[in-house]
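What follows is calculated from the coordinates using simple rules that are stated; it is not laboratory data. Owing to the predicted nature of the structure, the values given are computational and were not obtained by experimental measurement. Heads up, the Cβs are rebuilt from the backbone with ideal geometry, glycines too, and the neighbour counts pull from every protein chain shown.
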Ligand SMILES: NC(=O)c1ccc[n+]([C@@H]2O[C@H](COP(=O)([O-])OP(=O)(O)OC[C@H]3O[C@@H](n4cnc5c(N)ncnc54)[C@H](O)[C@@H]3O)[C@@H](O)[C@H]2O)c1
C-alpha cells in the first residue's frame, strides 16, 4: 500500500510519538513545522523529512496529504483551520481548542474542507479500551450505573510555568489535559449519553510557588521559575447523564496519595458485570455473579504494550480515514461535546455548585 505523506505541526514532546507511530502505520513523515525552527529541523532530520519554513508552506507541500497538529491548545484552532483550508486531512491533538466557539469554528472549517478530521483521543485505541468496548457491546456488562475514571499522578505537572500551566494558553489544568481523555473514554464506552449537569471541584496546591516544586517526572521540560501557574493541579467531577449514568472523574497532576491505594483507570459498574482496566494496561479485571457466587476474572489483552499499540491503532485508523475506508476514530463533534462539558466543569468549579451543560 502506498505510504501517506504526513506533515507534523508542533515538534515538541508528543510530536516524536506521532512520528514513530505514523511511520509504523503506513505514513511517511514528509515535512515538519514548529514556531521554533530548531525543533522542526531536529524532528525533520530524525525522520528524513523537510523542515518547513512556515505553516502555509507545510500545508501547501505537494507531498503532504495529511497533517498531525500537536501545538499548545491556544494554537489548535489557527493551525487546524489552515490545514483544513488546504483540503488536507487532519489529526488534531486533544483538547480540541480553548473554547466551544473555537471548536465551532474548527467544525465549520471541517465541513467546508475536502480533508477529514480525526481527533487525537488516543485512549480509545488502547488494547484494553477496545477489549472493554467489545464486552460492553456484547451486552456482558449490562446497563451501566456508574463509571469511575481515575488518572492521578503524585507529582507530574507538565511544563510547570509554561503553556500547560497558563490558562490563557491551555484552557485549564489537569482536567482539560488528562481529564479530557478520561471523560472521552467513559462517554465513548457508555455510548455517548447526553451529559446534563456537572459538579466540579478543583485545587491548586503544588504548582505554586513554582520554585518550591520538586518533581522526579517533568513532561515538557524543567520548571520555569518566572513562569505562570494559574490552573488546577487536581480536580474531581461528577457528570450526570441522561438515562441515569453518573461518571466520576478523579484527576491530578500532583496529589499526596499513598502509593498503591488508588488504581488509575476506569471502573464500570454494570448490572451484569463490573469491569476495571488501566488504559494502557495489559489486563482487564471483571466480576460477575453466577448462581449466587461472585466470580472474579482477569483477562489478558494483546498486545501487552498498550501505549505503542494504541498510537499505532490510532494512526492505522487515521490512514483508513484518509484512504476513504473508514470514519474517524473520534470525530470533530466528539471533540466539541467534550469542550462543552469542560466549559461546564470550569463554570461549576468557579461557582462552587452543580451547573447545566449548555
Ligand atoms: N495524546 C496525548 O496523550 C498527548 C500527550 C501530550 C500532549 N498532547 C497534546 O499535544 C499538544 C502538544 O503537546 P506537547 O506536550 O508536545 O507540547 P510541547 O510544548 O512539548 O510542544 C509544543 C510545540 O509546539 C510549538 N509551537 C507553539 N506554538 C506553535 C505554533 N503556533 N505553530 C507551530 N508550532 C508551535 C512549540 O515550539 C513546541 O515545540 C497539546 O495539544 C497537548 O495537549 C497529547
Alpha-carbon centroid distance for the pair the range 179-219 / the range 85-131, whole angstrom: 20
Label-point gap, in nm, between residue 154 and residue 1 - each point 7 angstrom along Cα→Cβ: 4.3
Residue-span extension gain [residue 169 to residue 326] - 0.36 nm each, minus C-alpha spacing: 53.2 nm
Antiparallel DSSP beta bridges within the chain, percent to nearest 5: 60
Degrees separating the helix 180-189 axis from the principal Cα axis of the chain, which is the longest one: 60
For the range 4-115: relative contact order, % (alpha-carbon pairs under 8 angstrom, 6 or more apart): 25
Gaussian network model of the chain, springs between alpha carbon atoms under 10 Å - residue of 251, 180, 64 with greatest fluctuation: 64
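Could you compute the FRET efficiency for residue 38 and residue 201, with r as their C-beta to C-beta distance and R0 at 41 Å, rounded to 0.05?
Numbers: r = 41 Å, r/R0 = 1.01.
Efficiency, from the Cβ-Cβ distance: 0.50.
Find how much the distance from residue 297 to residue 130 grows on full extension, using 0.36 nm per residue of separation minus their present alpha carbon separation; answer in nm with one decimal.
58.4 nm
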Alpha carbon Rg of the range 1-159, scaled by the compact-globule rule 2.2 N^0.38 Å: 1.16
Helix axis angle, 37-47 relative to the chain longest principal axis, alpha carbon, degrees: 80
Rounded tilt (10° steps) of 15-24 against the dominant C-alpha axis of the chain: 90
The range 193-287, relative contact order [Cα under 8 Å, separation at least 6], %: 23
The chain, Rg to Rh (Cα coordinates; Rh as Kirkwood inverse mean 1/r): 0.97
Within a Gaussian network of the chain (alpha carbon springs, distance under 10 Å), most fluctuating of 237, 273, 22: 273
Fully extended contour minus Cα-Cα distance, from residue 225 to residue 272, at 0.36 nm per residue: 11.8 nm
Projected label distance in nm at residue 194 and residue 17, using a 7 Å step from Cα toward the beta-carbon: 3.4
Label point distance in nm, residue 353-residue 256, each placed 7 Å from Cα along Cα→Cβ: 3.2
Length-normalised contact order of the chain in % [C-alpha pairs under 8 Å, at least 6 apart]: 20
Value of [θ]222 nm, deg cm²/dmol, for the chain, DSSP H segments ≥ 4, -39500 (n - 2.57) each, nearest 500: -9500 deg cm²/dmol
